[in-house]
Amino acid sequence: MTTVHTSVPSPVGELLLVGRDAAGGTVLTSVSTPGAKNAPVPQASWRRAPAAFAAAAEQLEAYFAGERTVFDLAFDAPGSDFQVRAWRALEEIPYGTTTTYGALATRLGLPRERVQALGGAIGANPLLIVRPCHRVIGADGTMRGYAGGVERKHRLLVHEGALQPTLV
């Protein structure tokens with residue numbers, strides 16, 4: 001199995017797309033920004049393959065142009081059962097909305113003491129933007145943790161219309 005990668009520009013910075021070649025095409029395994037927590041770093045054994053990510057690049061471009069609200073990509077990012085359960089719940093948060101860590105925990109049937117673990121699972125999401133972990137905020141409306149940085153999280157939510165731009 002060959003690991004492939006490319007970079008694409010975006011309004012929130014360069015995005016590193018990583019995937020693996022599969023029989024039906026490339027399966028996306030990571031979308032990250034430079035310096036993001038747990039972001040992969042291209043290895044010498046990886047093959048640069050921009051064409052393999054044509055659909056992902058096109059869909060990301062349409063998302064940032066305001067023409068796409070849902071991604072339709074083959075992706076597979078391994079994680080623990082708990083992480084995968086949390087990540088699937090992220091995919092159900094509609095474009096242009098937010099939820100809180102507590103509300104997401106309730107939806108998953110988790111006790112209050114598991115909210116921090118849920119935050120850890122969300123923070124380990126390897127598919128930034130595509131799997132919308134940026135839509136989860138603090139109960140008081142504050143931006144809490146984002147592997148790509150809180151400023152990017154804010155920019156994504158403003159882009160989606162879930163937050164108003166702040167004046168500086």
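Structure summary
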read-out: Those residues of the stretch 138-159 which are within 26 Å of Phe75 (Cα to Cα) and over 14 Å from the mean Cα position of the chain (by Cα), in sequence order; value: Arg144, Glu151, Val158, His159
read-out: Residue within the stretch 134-152 that is in contact (Cβ under 8 Å) with a residue 60 or more places away in the chain, in contact with a Ser or Thr (Cβ under 8 Å, 6 or more places away or on another chain) and of a type in the set (A, V, I, L, M, F, W, C) present; value: yes
read-out: Answer residue from the stretch 46-66, given it is free of Cβ contacts under 8 Å to residues at least 12 places away in the same chain, open to solvent by 50 Å² or more (accessible area, probe 1.4 Å) and hydrophobic (A, V, I, L, M, F, W, C) and is farthest from His159 (Cα to Cα) among those; value: Ala51
read-out: Residue within the stretch 49-60 that is within 25 Å of Ile137 (Cα to Cα), out of contact with any strand residue (DSSP E or B) (no Cβ under 9 Å at 6 or more places or on another chain) and part of a helix (DSSP H, G or I) present; value: yes
read-out: Subset of the stretch 1-41 [free of Cβ contacts under 8 Å to residues at least 40 places away in the same chain and in contact with a Gly (Cβ under 8 Å, 6 or more places away or on another chain)]; value: Pro34
read-out: Single match in Thr6, Thr69, Thr29 (criterion: exposed (fewer than 13 other Cβ atoms within 10 Å of the Cβ) and modelled with pLDDT of 95 or more); value: Thr69
read-out: Unique residue being closer than 23 Å to Met143 by Cα and not in a loop (DSSP other than H, G, I, E, B) when the list is Gly66, Gly102; value: Gly102
read-out: The stretch 72-95: number of residues that are of a type outside the set (Lys, Arg), open to solvent by 60 Å² or more (accessible area, probe 1.4 Å) and either closer than 20 Å to Thr26 by Cα or under 14 Å from the mean Cα position of the chain (by Cα) (or both); value: 9
read-out: Complete set of residues in the stretch 104-124 that are touching a helix residue (DSSP H, G or I) at 6+ places or on another chain (Cβ under 8 Å) and either open to solvent by less than 10 Å² (accessible area, probe 1.4 Å) or β-branched (Val, Ile, Thr) (or both); value: Leu104, Ala105, Val115, Leu118, Ala121, Ile122
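The values are calculated or read from the model by the stated rules, or taken from the named source; none is laboratory data. This is a predicted model, so every value here is computed, not measured. Please note: Cβ atoms are built from the backbone with ideal geometry, for glycine as well, and neighbour counts cover all protein chains shown. Surface areas here come from the heavy atoms of the whole protein model, side chains and all, with no ligands, DNA or RNA. Shrake-Rupley method; radii C 1.70, N 1.55, O 1.52, S 1.80 Å.
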